[in-house]
Structure formats: structure tokens, C-alpha cells
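Chemist: For reference, the structure I am asking about is given below.
Values quoted throughout were computed directly from the atomic coordinates according to the rules given, and no laboratory measurement underlies them. It should be emphasised that the depicted structure is a prediction, and the values quoted were computed from it without experimental measurement.
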Amino acid sequence: MADEAYVKKALEGAQAAYETMKEMPSYKRSETLFDVVQTHHERREELAHVLGT
């Protein structure tokens, strides 16, 4: 399980990403999110293995 420091670091990263993304034009946000989804799809088996352990 994640400890408090890990969760805090994850939340800080999410906030930083939000600040970056909100300044992007919508077409760039769309491209970025598409890339995230594509990578997730390509690595879904790896992700399932990591989450399952």
C-alpha cells in the first residue's frame, strides 16, 4: 500500500500536471490525452500485472 508521503507526492504531481494542461490549447490537450490513452492501451497487460501484485 502507498504511504502518506507517496500519496502526497502523487497529488502534487497531479496538481502540477493540471496547471500545465490548463494553459495548453484544447487541441494540444486532446493530443496529449490521446497519447496517454494509446500508451495505456499498449501497456495494459503490464499495468494489470503490476496492479495485481
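Chemist: So what J values fall out for region 42-50 if you push phi through Karplus, 6.51 cos²θ - 1.76 cosθ + 1.60 with θ = phi - 60°, rounded to Hz, Gly and Pro as x?
Modeler: My calculation for region 42-50 gives 5, 10, 4, 5, 4, 4, 4, 5, 5 Hz in order.
Chemist: Same structure, new question: In whole Å and largest first, what semi-axes does the C-alpha gyration tensor of the chain yield when each eigenvalue is scaled by 5 and square-rooted? The partial results should precede the final answer.
Modeler: On the way: eigenvalues 117, 80, 3 Å².
The three semi-axes for the chain are 24, 20, 4 Å.
Chemist: Follow-up question, since we're still on this one. Per the helix-only calculation at 222 nm, which mean residue ellipticity applies to the chain, given -39500 (n - 2.57) for every DSSP H run of n ≥ 4 and division by its residues, nearest 500 deg cm²/dmol? If you can, show how the numbers build up before the last one.
Modeler: On the way: 3 runs with 46 residues, N = 53.
Mean residue ellipticity, 222 nm, calculated: -28500 deg cm²/dmol.
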